1. Quick check: is even one residue across the range 159-172 closer than 20 Å to V135 by Cα, in a helix (DSSP H, G or I) and open to solvent by less than 60 Å² (accessible area, probe 1.4 Å)?
2. Of all residues in the range 229-260, which are open to solvent by 70 Å² or more (accessible area, probe 1.4 Å) and either part of a loop (DSSP other than H, G, I, E, B) or under 25 Å from W200 (Cβ atoms) (or both)?
3. What are the residues in the range 105-153 that are free of Cβ contacts under 8 Å to residues at least 60 places away in the same chain, within 28 Å of Q181 (Cβ to Cβ) and surrounded by fewer than 21 Cβ atoms within 10 Å (Cβ to Cβ), if any?
4. Among the residues in the range 67-88, are any assigned to a loop (DSSP other than H, G, I, E, B), surrounded by 13 or more Cβ atoms within 10 Å (Cβ to Cβ) and at pLDDT 90 or above?
5. Answer yes or no as to whether R51 is over 16 Å from the mean Cα position of the chain (by Cα) and closer than 18 Å to T117 by Cβ.
6. Scan the range 193-201 and tell me whether some residue there is open to solvent by less than 10 Å² (accessible area, probe 1.4 Å), in contact (Cβ under 8 Å) with a residue 24 or more places away in the chain and farther than 20 Å from T102 by Cα.
7. How about the range 1-52: which of its residues are open to solvent by less than 60 Å² (accessible area, probe 1.4 Å), farther than 30 Å from F162 by Cβ and free of Cβ contacts under 8 Å to residues at least 40 places away in the same chain?
Amino acid sequence: MLDYIVWNADPVWFHIGPLAIRWYSLAFMVGFLVGYKIEERIYRHEGAPERWLSILLLWTMAGTIIGARLGHVFFYEWDVYSQNPIEILYVWHGGLASHGGTIGIIIGVLLYSVITTKRSPLWTFDRLVIPIALVGGLIRLGNLANSEIFGHETTLPWGFMFVRSREWHEYYLGQACHPTQIYEALCYFGLFALLMWMYWKKNAEERPGLIFGVFFLGIFVPRFFIEFIKNPQVEFEQTMTLNMGQWLSIPFIIAGIALIVYAMKRPRLHLTFPDRFPPEPKK
């Protein structure tokens, strides 16, 4: 058995002229594509209008990218970006925060519910978070491909030596580190399987808010504990008992508990499932 794993993966999938297509970008693209197909199946199962899907995709993509970018800017490096705000637009330089992405999606779904579905936002959240759990796992694998956001040193046999990482060379040269990207990815893939089971086998969508609440706990409880063995993302976190990621996770954990209690105390709905899209209204 190896005492460690030398991780030397190229973060670039292929080049198109001067343009580099990275595995991280591929993770985003595959996640949104597969997520769209899952939502399409759910919407057809429940007889929701097909045209809602493309609108939801746009809101979700915008909320994810804008929210994740602004989350990183304001939660982690506002002192840097406030000096040169134009760099906020340079998303290709890196710097996305999952908590900001979550907030962005929440805002997007609220607007989508008011403008498009005219239904309770919980209706959308309970269905949307199922593929989001899958996307979260894929993005963490993208972080692995980038050799970023890994953990402290470890003597465990599955420790990784991130030889392409400048941070690893600076602080951990010769030492294996926790592949926390894999830890989180496995948690999120497991959550995705759980939510799929809840929806398709247990009709958990008949308790509005239940799937959404379980999603919050399944994402942010593992994130909270894994942060204890993860390297600080920015310098100011080094003196914190709980880092920024943990503090930002706490409100979502509380919200998850509240949603589950709310869902279980209310009467169960009895939904019908026509398993087809309704005809589009004639213009």
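1. no
2. Result: Q233, T241, I257.
3. I106, I107, E148, E153 - these are the residues of the range 105-153 that are free of Cβ contacts under 8 Å to residues at least 60 places away in the same chain, within 28 Å of Q181 (Cβ to Cβ) and surrounded by fewer than 21 Cβ atoms within 10 Å (Cβ to Cβ).
4. First, pick out the residues of the range 67-88 that are assigned to a loop (DSSP other than H, G, I, E, B): 76-77, 82-84.
Checking the rest, the ones that are also surrounded by 13 or more Cβ atoms within 10 Å (Cβ to Cβ) come to 76-77.
Okay, now just the ones that are also at pLDDT 90 or above, so none.
There is no residue in the range 67-88 that is assigned to a loop (DSSP other than H, G, I, E, B), surrounded by 13 or more Cβ atoms within 10 Å (Cβ to Cβ) and at pLDDT 90 or above.
5. Criteria met by R51.
6. Scanning the range 193-201, I find at least one residue that is open to solvent by less than 10 Å² (accessible area, probe 1.4 Å), in contact (Cβ under 8 Å) with a residue 24 or more places away in the chain and farther than 20 Å from T102 by Cα, so the answer is yes.
7. The answer is E40, and nothing else.
Okay, residues lined up against (1) farther than 30 Å from E167 by Cα; (2) under 21 Å from the mean Cα position of the chain (by Cα); (3) not aliphatic (A, V, I, L, M):
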site: R207; (1), (2), (3): yes, no, yes
site: F212; (1), (2), (3): yes, yes, yes
site: F216; (1), (2), (3): yes, yes, yes
site: F224; (1), (2), (3): no, yes, yes
site: I229; (1), (2), (3): no, yes, no
site: I260; (1), (2), (3): yes, yes, no
site: R276; (1), (2), (3): yes, no, yes
site: E280; (1), (2), (3): yes, no, yes
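The values are calculated or read from the model by the stated rules, or taken from the named source; none is laboratory data. The structure presented is a predicted model; accordingly, all values stated were derived computationally and were not measured. Heads up, the Cβs are rebuilt from the backbone with ideal geometry, glycines too, and the neighbour counts pull from every protein chain shown. Ligands, DNA and RNA are excluded from the accessible area calculation, which covers all protein heavy atoms including side chains. Shrake-Rupley method; radii C 1.70, N 1.55, O 1.52, S 1.80 Å.
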